[in-house]
1. Among the residues that make up the stretch 71-82, is at least one of them surrounded by 12 or more Cβ atoms within 10 Å (Cβ to Cβ) and under 14 Å from the mean Cα position of the chain (by Cα)?
2. Could you list, in sequence order, all residues of the stretch 55-69 that are touching a Ser or Thr at 6+ places or on another chain (Cβ under 7 Å), surrounded by fewer than 20 Cβ atoms within 10 Å (Cβ to Cβ) and closer than 18 Å to T92 by Cα?
3. Which residues, counting only those in the stretch 156-183, are on the phi < 0 side of the Ramachandran plot and modelled with pLDDT under 85?
4. Report the residue count in the stretch 184-197 for those that are under 14 Å from L166 (Cβ atoms) and either open to solvent by 90 Å² or more (accessible area, probe 1.4 Å) or outside any helix (DSSP H, G or I) (or both).
5. Restricting attention to strands (runs of 3 or more DSSP E) lying wholly within the stretch 31-127, give those where 3 or more residues are under 22 Å from W185 (Cβ atoms).
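The values are calculated or read from the model by the stated rules, or taken from the named source; none is laboratory data. Since the model is a prediction, treat every value here as computed from it, not as a measurement. So basically every Cβ, Gly included, is an ideal-geometry build from the backbone, and we count neighbours across all protein chains shown. For accessibility, only protein heavy atoms count, side chains too; no ligands or nucleic acids. Shrake-Rupley method; radii C 1.70, N 1.55, O 1.52, S 1.80 Å.
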Amino acid sequence: MGGFGSGQYGGRPTTDASLRIDLAWLLRTGRAREGSDISGSLHWTCGGSPSGSIGYRAVMSELGLERLVLNYTRGSGEDAERVLQSIYLSHTVPNYGGKRWWMICPYRGHRVGKLYLPPGGDRFASRQAWRLGYQCQRDSARDRPFERLFRLQKKLGCDQGWEAGLRRPKGMWHRTFDRHMERYWELDNECAREMMVMMGRLGGWPSPV
């Protein structure tokens, strides 16, 4: 993985300054669909101006080999690099029904819901792989849903992070874990709303349109 350029806050790069791929958003908007093979492009804007674009192919028609194939160009002129990056997918089956799809971080190997490409970076990877911070965590008023979500993850012995998810500890009753999952998704939605409000005040974040 390459180094960072700009987009740092308090000495650390942030998710807010990075291009982001949100698998749940792709599925929700029909840009990816289980059992289908869909190609297209993703475009990001920041403050109303274009901030990046990539091509993608969501291959979810090959059982056991579901993946996103990303293609984009890094740099320009003689230093330009054509990148073709495959991100493999997996799913879990919650006790409350349905499927929960995840991307596999190509550098850390763990399941995540979002991948990032920070300024100066060369490949999409998880927040943990890039060691990205959350700019909104510096704001105490907007910190609260994130703090509650992180406390819940810590309570269950899980990795802490907005996209880190939740897993059932060994020995915990399924009914008990289902209640924790319901609370997790409530907090996840609160965090998303706070991020949208904050970035709206700042003029927008790099997000796909």
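1. No: zero hits.
2. Within the stretch 55-69, S61, R67 meet the criteria.
3. Initial filter on the stretch 156-183 (on the phi < 0 side of the Ramachandran plot): 156, 158-160, 162-164, 166-170, 172-183.
Within the stretch 156-183, C158, D159, Q160, W162, E163, A164, L166, R167 qualify.
4. Residues in the stretch 184-197 being under 14 Å from L166 (Cβ atoms) and either open to solvent by 90 Å² or more (accessible area, probe 1.4 Å) or outside any helix (DSSP H, G or I) (or both): 1 in total.
5. Numbers: elements: 37-46, 49-59, 67-74, 81-92, 100-104, 114-117.
Output list reads 81-92, 100-104, 114-117.
For (1) modelled with pLDDT under 95; (2) on the phi > 0 side of the Ramachandran plot, each residue gets a yes or a no:
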{"site": "G2", "(1), (2)": "yes, no"}
{"site": "G10", "(1), (2)": "yes, yes"}
{"site": "A17", "(1), (2)": "yes, no"}
{"site": "P50", "(1), (2)": "yes, no"}
{"site": "Y56", "(1), (2)": "no, no"}
{"site": "V59", "(1), (2)": "no, no"}
{"site": "R67", "(1), (2)": "no, no"}
{"site": "D79", "(1), (2)": "yes, no"}
{"site": "L89", "(1), (2)": "no, no"}
